[in-house]
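The values are calculated or read from the model by the stated rules, or taken from the named source; none is laboratory data. Because the structure is predicted, anything quoted here is derived from the model rather than measured. Cβ atoms come from the backbone with ideal geometry, glycine included; neighbour counts cover every protein chain shown. The accessibility values were calculated without ligands, DNA or RNA, using every heavy atom of the protein model including side chains. Shrake-Rupley method; radii C 1.70, N 1.55, O 1.52, S 1.80 Å.
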Amino acid sequence: MQDELFVEEELDYEESLPPSGEESIGRFCRRMFIKMALVWGVLLLFCFECYLVEEKQILAHPVESFIQQVDLNVYYLMVGVTAELPSAANFAELKPVVIRAGRLLGISPEDGTMDARITDEGRVLNWTASDRRGRQHTISGRIKNGGSVTLDIETACWGSEARVKDISRELHLLASRFGRVTGTRLEVEGTALCQKGAGPENWVQQWRLRDLEVSRRGSAVNLRGATSDLTPGRRQEVSFTLSFLPLGEDRGRLILSVGS
């Protein structure tokens, strides 16, 4: 009697279990659903990042956003940065710092020209050379009469492939290795698309402006002012100048300079 009850309980338990085929299909469906959800999530993040870069320009440098806004065909870009040096008393102490900065930029000590001179403001050691990518660098060590010592680095490049954000970050990180960064500047030049009924004043109206001055000479327009919308993070206010000279019905020559 007990054996019969045990057999009946085993039969009832086996009937309650799902068939092996149904169990494997269920696991397969769950596994595929998880994979599809992960792939979909990655695609959504990628699309959102592209949206930020292309549409909102959140991850781009503000000047790069302006370049796209006015359809600027860039043919010259200069980025500069200045850092404080701990101390230096003469050219002999400046030279190793200048050479080290150049080597970090990919310049050989045998390249370019180096000159030292004494001015009314103090001693200046300049090294101008080009790297393998065709960029021209000017590295200046300065000992001012008041005792302060600075390292100034400028990088100039030509062509539409020049990237403001990449060069600015490279020079800022480089200057930070020698001392506290005290100033940055850049200049971009090219031809911009002329907008019918909208001059350079309309290009800058969306910025948070202070002390905007507009001057005209013939068809040329010059703007001068200050804004925090031309720096990464948009926190520090910088001065800017913008000049635009129409060269025809479609395009004009534009120069934008930004300095802090």
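Computed with every protein chain present, the accessible area of ASP120 is close to 150 Å² [probe 1.4 Å]. From the Kirkwood radius over Cα pairs of region 142-195, Stokes-Einstein at 25 °C and 0.890 mPa s returns a whole-number translational diffusion coefficient of 180 µm²/s.
When you restrict to C-alpha pairs under 8 Å that are six or more residues apart and normalise by the size of region 66-143, the relative contact order lands at 25 percent.
Taking the square roots of 5 times each eigenvalue of the Cα gyration tensor of region 108-210, largest first, gives ellipsoid semi-axes of 32, 19, 14 Å.
With each label modelled as a point 7 angstrom along the Cα→C-beta vector, the GLU121-ARG31 pair spans 7.0 nm.
Quick one: order ILE118, ILE139, ILE34, ILE255 from most to least accessible surface, probe 1.4 Å.
Ranked from most to least accessible, the order is ILE118, ILE34, ILE255, ILE139.
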